[in-house]
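One structure is given below, encoded as structure tokens.
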Amino acid sequence: MNRIIQPGATLGVLGSGQLGRMFAIAARRMGYRVHTLSPGVDTPTGQVADAEVEADYDDLDAIRAFARGVDVITFEFENVSTAAADAAAEIVSVRPSGHALHVTQQRAREKSFLALKGFPVTPHAAVESLDELTAAVDRIGLPAILKTASFGYDGKGQHRLTSPLDVEPVWALVGHQTAILEKVVDFSLEFSVVAARGLDGGFAHYGAIENAHRHHILDVSVAPARMPEAAVTEAVAVTRAIMDELEYVGVLCVEFFLTADGRILVNEIAPRPHNSGHLTFDACITSQFEQQVRAICGLPLGATTLLRPAAMANLLGDVWAKGEPKWDAALAVPDVKLHLYGKSDPRPGRKMGHLTAMADTTAQAIQHVLAARDVLV
Ligand code: AMP
């Protein structure tokens with residue numbers, strides 16, 4: 001069961017976005033073949049994969065047929081149903097497991113798992129009715145954020161409550177489904193820990209990566225994070241314990257708040273490589289994507305050493321507002337690397353690519369990456 005999946009084998013990816021694309025690039029570099037399944041064609045992953053299958057994630061026969069053509073399955077998109085993961089697992093290993101996916105794909109379930117196991121989380125309550133929301137607001141206090149429990153990402157499905165008068169209108173917006181009320185955290189910094197756990201329980205991490213969001217979407221990530229070493233050590237230990245608890249195999253990202261009074265709180269878990277880890281592609285000996293290949297294939301994990309301080313800036317569709325961005329101008333900035341995901345429709349807010357800059361200091365890396373992004377428009 002735990003045999004090594006050797007280069008030359010075929011890796012299956014459920015999902016077909018940029019995470020799958022960068023995974024496929026890493027896998028193909030190591031001599032693996034990659035198949036991807038999603039409801040789309042000419043997808044970011046499909047463009048660099050050996051085979052692209054167009055099917056719905058709930059088409060279990062299509063998932064089984066896909067599984068028969070690969071040696072292991074992973075996913076780059078966590079909203080794949082447990083039924084789909086289970087159907088695939090009847091045929092090949094699924095890494096990380098359907099169980100890890102199940103726990104982390106729904107906020108209420110994820111938060112109760114974290115709280116039950118004693119991990120530090122934001123004060124929260126799962127709510128299913130207006131009465132429960134009213135009671136939760138009384139208990140947790142304001143300001144608070146109501147988040148949909150499922151299918152939320154990049155701040156989608158989130159509403160802030162600042163006054164008791166907000167309770168009814170916000171419930172009218174969100175209340176047709178299970179939701180989670182969270183106290184607004186007074187944080188000094190947001191950061192993430194991207195880490196990998198191997199088939200043998202081996203562990204590797206990229207330290208703390210500092211994240212700045214705009215309109216709830218990740219904007220800029222910086223490594224190493226500018227925060228106290230003790231908090232980094234604690235966050236890495238929490239990440240490792242979460243992965244052990246889930247018997248996780250693969251790459252995972254834990255997003256944290258560093259509170260104004262110096263504590264760390266888990267915000268959420270992504271059961272896959274993460275946008276904040278994109279800078280590892282250029283700036284680390286082993287990228288998060290290669291690490292995912294190694295972990296799911298039962299290979300030893302690679303060194304995570306950061307070669308130079310680095311900063312990553314996302315390129316959203318907004319960058320195309322005035323026409324084709326000036327790529328040559330951005331690439332004239334020293335040490336800047338361009339990544340585009342092969343998406344043809346640059347809608348505002350859509351992640352189209354990113355830039356990474358490396359420099360002698362984090363401050364310089366940030367300056368270079370922002371300068372490069374600025375000259376694009
Ligand atoms: P999420 O989709 O939960 O990752 O939230 C997106 C962003 O919204 C986070 O990265 C934070 O910037 C902000 N946010 C989410 N939850 C909270 C909270 N409880 N307190 C303060 N800010 C939050």
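The values are calculated or read from the model by the stated rules, or taken from the named source; none is laboratory data. Predicted model, so just to flag it, every value in this text is computed and none were measured. Cβ sites come from the backbone with ideal geometry, for glycine too, and all protein chains shown count toward neighbours. The accessibility values were calculated without ligands, DNA or RNA, using every heavy atom of the protein model including side chains. Shrake-Rupley method; radii C 1.70, N 1.55, O 1.52, S 1.80 Å.
Scanning segment 152-169 for residues that are buried (at least 17 other Cβ atoms within 10 Å of the Cβ) and either away from the ligand (no atom under 14 Å from the Cβ) or assigned to a loop (DSSP other than H, G, I, E, B) (or both) returns Gly152, Gly157, Asp166, Val167. The set of residues from segment 1-35 being in contact with a strand residue (DSSP E or B) (Cβ under 7 Å, 6 or more places away or on another chain), surrounded by fewer than 19 Cβ atoms within 10 Å (Cβ to Cβ) and among the charged types (D, E, K, R) comprises just one member, Arg28.
Restricting the search to strands (runs of 3 or more DSSP E) fully inside segment 179-288 and requiring at least 2 residues that are farther than 25 Å from Thr148 by Cα and within 16 Å of the ligand (Cβ to nearest atom) gives 203-214, 217-223.
In this structure, Gly302 does not satisfy being assigned to a loop (DSSP other than H, G, I, E, B), assigned by TED's automatic domain parsing to the domain that holds Ala196, in contact (Cβ under 8 Å) with a residue 12 or more places away in the chain and farther than 24 Å from Ala225 by Cβ.
Only one of Leu301, Leu246, Leu306 is open to solvent by 10 Å² or more (accessible area, probe 1.4 Å) and more than 30 Å from Asp374 (Cβ to Cβ); which?
Leu301
Conditions tested, residue by residue: (1) open to solvent by less than 50 Å² (accessible area, probe 1.4 Å); (2) out of contact with any Lys or Arg (no Cβ under 8 Å at 6 or more places or on another chain); (3) assigned by TED's automatic domain parsing to the domain that holds Glu245.
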{"position": "Ala89", "(1), (2), (3)": "no, yes, no"}
{"position": "His99", "(1), (2), (3)": "no, yes, no"}
{"position": "Thr104", "(1), (2), (3)": "yes, yes, no"}
{"position": "Glu110", "(1), (2), (3)": "yes, yes, no"}
{"position": "Lys117", "(1), (2), (3)": "no, yes, no"}
{"position": "Leu133", "(1), (2), (3)": "yes, yes, no"}
{"position": "Ala136", "(1), (2), (3)": "yes, yes, no"}
{"position": "Ser150", "(1), (2), (3)": "yes, no, no"}
{"position": "Trp171", "(1), (2), (3)": "yes, yes, no"}
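Name the residue that is farthest from Met22 (Cα to Cα), counting only residues in segment 36-63 that are open to solvent by 60 Å² or more (accessible area, probe 1.4 Å) and not in a loop (DSSP other than H, G, I, E, B). Among those that are open to solvent by 60 Å² or more (accessible area, probe 1.4 Å) and not in a loop (DSSP other than H, G, I, E, B), it is Asp61.
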